[in-house]
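Novice: Attaching a single structure in structure tokens format; questions to follow.
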Amino acid sequence: MLNLLLPLVVCLAAFAEPVPLAKKPPAKRTVARPAAARTRATPVLKPAAPLAPPANAPAEVQRWMRSMTLRDQVAQLIIIPSFGEAHSSQSADFRRYVQLVQDVGVGGMIVINRVVSGQVRPAEPHALAAFLNRMQKVANVPLIVGGDFERGASMRVANTTKFPHAMAYGAANDLKATRMEGYATAREARALGVHWVFAPSADVNNNPDNPIINTRSFGERPEAVAAHVRAFIEGAHSDPRAQVLVTVKHFPGHGDTATDSHMALPVVTADRSRLDSLEFVPFRAAIQAGVDSVMTSHLSVPALEPAEIPATVSKNVLTELLRKEFGFRGLVVTDAMDMQGLTKQFAPGEAAVRALEAGTDVLLMSPRPEQAIQAVLQAIQSGRLSEDRVRDSVVRLLSAKVKLGLHKQRLVDVELVSEQVDSPDFAESAQGVADHAVTLLRNSANLVPLRDPSQSCVLALAEGRYSVQGRKFIEEAQARSPTMKTHWLDSALPRADLAELAGDLIKNCGTIVLGAFVNTAAYRGNVGLAGNYPEFVDLLAKGPVPLVMVALGSPYFVKAYPDTGATLATCSGAPTAELAAIRALWGEIDILGRLPVSIPGFAAVGDGLQLTRRKGAVVHGQ
């Protein structure tokens with residue numbers, strides 16, 4: 001989902017007005033739509049009696065369900081987005097949150113990032129914890145709170161441990177470190193008031209053009225991805241004082257796509273045999289390891305579902321395959337239901353009903369929560385949705401709340417937040433992984449480590465004018481060689497300005513080091529260099545001055561520049577990766593990374609030149 005440094009923008013005002021059903025895009029396969037998609041006569045509705053709890057449900061679940069109307073029970077299946085900001089109780093946003101939590105009775109929230117001027121603004125830890133406490137106090141039933149903590153809480157929350165991306169863990173190939181990340185993520189999450197970790201990604205990224213999974217995946221070898229998925233789950237489950245729900249995503253596998261499901265419906269064309277041997281391997285491993293939940297994906301898989309519909313609304317995928325064949329008994333949660341891979345086919349109410357029909361339990365980020373609740377109620381009353389189907393989902397979600405101890409303690413101690421997040425031990429582990437993940441793919445004339453940094457020029461190619469990307473990269477270079485020339489660039493720079501800079505660099509630099517950022521983001525749609533960077537880099541790569549390319553983020557784009565003298569990949573764009581790259585360039589650390597993916601025409605899985613740190617070098621930075 002959600003994923004990803006995924007700058008999801010959800011405005012509370014968007015919940016206010018209904019939207020018409022989007023027209024169905026032209027089908028690539030001629031498949032009759034299920035009857036549910038066609039116009040129905042007005043149904044005869046049954047009385048809206050609440051669902052009775054099963055006798056074997058936990059006592060607290062039975063108590064909650066007996067206190068609810070049917071509408072209350074359905075509302076529990078809705079998870080709404082929140083930025084986790086400090087609001088005045090008089091603000092429109094805060095009043096809307098209170099309405100959704102107290103009056104509508106939604107079951108939970110997911111922490112997402114606000115995007116301002118194109119830049120992600122993560123939540124502040126204490127403000128987030130305080131806001132969630134305020135919401136818990138007005139909730140009739142404790143809220144369950146989730147977050148896409150794929151890089152620990154740092155993916156959504158500032159001043160938390162800055163773990164690198166999953167692909168860096170694949171390059172470092174240290175399962176103990178992956179367990180530590182899971183453990184730390186659970187600890188930080190619970191300290192903040194978050195109980196449901198929407199991580200790790202179990203997607204096998206075997207498509208180099210994948211614009212939305214990419215570095216969020218541990219790699220392209222299914223067995224290696226499965227090992228890291230198991231390790232993360234084990235770590236996240238290891239502290240009984242910090243219980244969280246762990247989620248694998250995006251079922252049945254989003255790694256072999258070249259389309260962002262935030263923008264359209266991707267299609268995975270693999271046959272069932274290939275799915276069994278590749279996409280399904282990490283998901284089966286996760287289920288065996290006791291994963292708590294599985295997140296669906298808004299993509300089409302013809303080998304599993306003949307209708308051209310997202311897996312999120314496919315009974316063949318979620319009930320027949322995941323539940324019956326794989327034997328999964330935990331929670332099934334949708335990916336964000338405001339993504340166009342789903343919304344281009346179905347209006348919010350219809351999407352909610354179809355997802356529950358298919359076997360989903362929890363509806364994440366419906367763009368119209370009240371509309372979704374009303375549609376589900378009507379589907380139950382008309383007989384389209386069976387009471388047993390909905391009851392199962394309500395019981396699963398409420399039982400998860402009991403398992404997490406929310407019936408006993410729903411609030412967090414805001415004063416203790418600083419003691420729980422961004423601990424030195426967690427930071428040391430995160431930096432260690434980033435250091436070990438640095439992978440040297442080319443090193444003509446032994447350009448790495450830099451022979452004479454003072455005669456080199458270091459540039460950071462950030463993806464946006466207001467981005468913090470590359471700031472640490474430049475700061476750490478300047479700290480080591482104060483007289484060297486450094487440049488922080490913005491992808492919006494005109495072509496003429498970049499060409500002029502290229503000419504200046506060629507005249508005045510002994511070696512040119514480019515730290516180029518290519519990160520996955522929702523609605524971006526590609527994994528290439530931004531703006532006018534491609535021509536700029538091409539000028540430098542074909543020029544007379546030796547060029548060292550440092551891929552900060554996705555490593556795949558380096559295949560477009562085979563003429564560089566040296567190529568380093570960090571497999572992450574996190575600040576820890578920026579520091580690791582500088583340490584490697586200055587010879588302060590051993591370079592030990594092995595590429596966990598293949599780069600067509602450039603490098604194979606497992607490639608990586610091994611270099612020993614420069615004798616006598618001192619490791620700097622933190």
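The values are calculated or read from the model by the stated rules, or taken from the named source; none is laboratory data. Everything numeric in this text was worked out from a predicted model, so none of it was measured. Cβ sites come from the backbone with ideal geometry, for glycine too, and all protein chains shown count toward neighbours. Just so you know, the surface numbers come from the protein's heavy atoms only, side chains and all, with ligands and any DNA or RNA stripped out. Shrake-Rupley method; radii C 1.70, N 1.55, O 1.52, S 1.80 Å.
Novice: Only one of Val116, Val145, Val111, Val157 is free of Cβ contacts under 8 Å to residues at least 12 places away in the same chain and either touching a Phe, Trp or Tyr at 6+ places or on another chain (Cβ under 9 Å) or under 27 Å from Val395 (Cβ atoms) (or both); which? Full working, then the answer.
Specialist: Details: Val145 fails: free of Cβ contacts under 8 Å to residues at least 12 places away in the same chain; Val111 fails: free of Cβ contacts under 8 Å to residues at least 12 places away in the same chain; Val157 fails: free of Cβ contacts under 8 Å to residues at least 12 places away in the same chain.
Being free of Cβ contacts under 8 Å to residues at least 12 places away in the same chain and either touching a Phe, Trp or Tyr at 6+ places or on another chain (Cβ under 9 Å) or under 27 Å from Val395 (Cβ atoms) (or both) holds for just one of Val116, Val145, Val111, Val157, which is Val116.
Novice: From the list Val548, Val597, Val619, exactly one residue is touching a helix residue (DSSP H, G or I) at 6+ places or on another chain (Cβ under 8 Å), open to solvent by less than 10 Å² (accessible area, probe 1.4 Å) and over 17 Å from Phe517 (Cβ atoms). Which is it?
Specialist: Val597
Novice: If we scan region 556-578, do we find a residue that is modelled with pLDDT of 95 or more, hydroxyl-bearing (Ser, Thr, Tyr), part of a strand (DSSP E or B) and buried (at least 16 other Cβ atoms within 10 Å of the Cβ)?
Specialist: Yes, there is a match, as at least one residue in region 556-578 is modelled with pLDDT of 95 or more, hydroxyl-bearing (Ser, Thr, Tyr), part of a strand (DSSP E or B) and buried (at least 16 other Cβ atoms within 10 Å of the Cβ).
Novice: Hey, another quick one. Within the bounds of region 189-203, is there any residue that is crowded, with 24+ Cβ neighbours inside 10 Å and in a helix (DSSP H, G or I)?
Specialist: Yes, the conditions are met somewhere in region 189-203.
Novice: Could we say that Ala172 is more than 18 Å from the chain's Cα centre (by Cα), hydrophobic (A, V, I, L, M, F, W, C) and more than 20 Å from Gly432 (Cβ to Cβ) here?
Specialist: Criteria not met by Ala172.
Novice: Another one. Take region 480-493 and flag every residue that is more than 33 Å from the chain's Cα centre (by Cα) and not charged (D, E, K, R).
Specialist: If the condition is that a residue be more than 33 Å from the chain's Cα centre (by Cα) and not charged (D, E, K, R), then Ser481, Pro482, Thr483, Met484 are the ones that fit.
Novice: Follow-up question, since we're still on this one. Can you pull out every residue in region 498-530 that is buried (at least 18 other Cβ atoms within 10 Å of the Cβ), part of a loop (DSSP other than H, G, I, E, B) and touching a residue at least 60 places away in the same chain (Cβ under 8 Å)?
Specialist: Those that are buried (at least 18 other Cβ atoms within 10 Å of the Cβ), part of a loop (DSSP other than H, G, I, E, B) and touching a residue at least 60 places away in the same chain (Cβ under 8 Å): Asn519, Thr520, Ala521, Ala522, Arg524, Val527, Leu529, Ala530.
Novice: Against the condition in contact (Cβ under 8 Å) with a residue 24 or more places away in the chain and open to solvent by less than 10 Å² (accessible area, probe 1.4 Å), how does Thr312 come out, does it pass?
Specialist: Considered against the rule, which asks whether it is in contact (Cβ under 8 Å) with a residue 24 or more places away in the chain and open to solvent by less than 10 Å² (accessible area, probe 1.4 Å), Thr312 comes out as yes.
Novice: Just give me the residues in region 372-395 being closer than 16 Å to Ile79 by Cα and either surrounded by fewer than 19 Cβ atoms within 10 Å (Cβ to Cβ) or of a type in the set (Ser, Thr, Tyr) (or both), in sequence order.
Specialist: Gln374, Ser393
Novice: Same structure again: List the pairs whose first member sits in region 415-439 and is of a type in the set (Ser, Thr, Tyr), whose second member is open to solvent by 30 Å² or more (accessible area, probe 1.4 Å), and whose Cβ atoms are under 7 Å apart, counting only residues at least 6 apart or on separate chains?
Specialist: Correct list of pairs: Ser429/Met180; Thr439/Arg594.
Novice: Return the residues of region 409-444 that are in a loop (DSSP other than H, G, I, E, B), open to solvent by 20 Å² or more (accessible area, probe 1.4 Å) and in contact with a helix residue (DSSP H, G or I) (Cβ under 7 Å, 6 or more places away or on another chain); say none if nothing qualifies. Full working, then the answer.
Specialist: Our first condition is that a residue be in a loop (DSSP other than H, G, I, E, B); within region 409-444, this holds for 409-413, 421-423, 438.
Within this subset, residues satisfying the condition of being open to solvent by 20 Å² or more (accessible area, probe 1.4 Å) are 409-413, 422-423.
Those that are in a loop (DSSP other than H, G, I, E, B), open to solvent by 20 Å² or more (accessible area, probe 1.4 Å) and in contact with a helix residue (DSSP H, G or I) (Cβ under 7 Å, 6 or more places away or on another chain): Arg410, Leu411, Val412.
Novice: Can you pull out every residue in region 245-261 that is open to solvent by less than 10 Å² (accessible area, probe 1.4 Å) and part of a loop (DSSP other than H, G, I, E, B)?
Specialist: First, the residues of region 245-261 that are open to solvent by less than 10 Å² (accessible area, probe 1.4 Å): 245-255, 257, 260-261.
Listed by number, the residues that qualify are Pro252, Gly253, His254, Gly255, Thr257, Asp260, Ser261.
Novice: Just one of (1) under 18 Å from Lys249 (Cα atoms); (2) among the hydroxyl-bearing types (Ser, Thr, Tyr); (3) outside any helix (DSSP H, G or I) trips up Tyr169, so point out which.
Specialist: It fails just one condition, (3).
Novice: Assess whether Ala270 counts as being farther than 30 Å from Ala153 by Cβ, assigned to a loop (DSSP other than H, G, I, E, B) and open to solvent by 30 Å² or more (accessible area, probe 1.4 Å).
Specialist: No.
Novice: Residue check, Gln90 against (1) without any contact (Cβ under 8 Å) to a residue 12 or more places away in the chain; (2) open to solvent by less than 10 Å² (accessible area, probe 1.4 Å); (3) not acidic (Asp, Glu), all met but one. Which one?
Specialist: (2)
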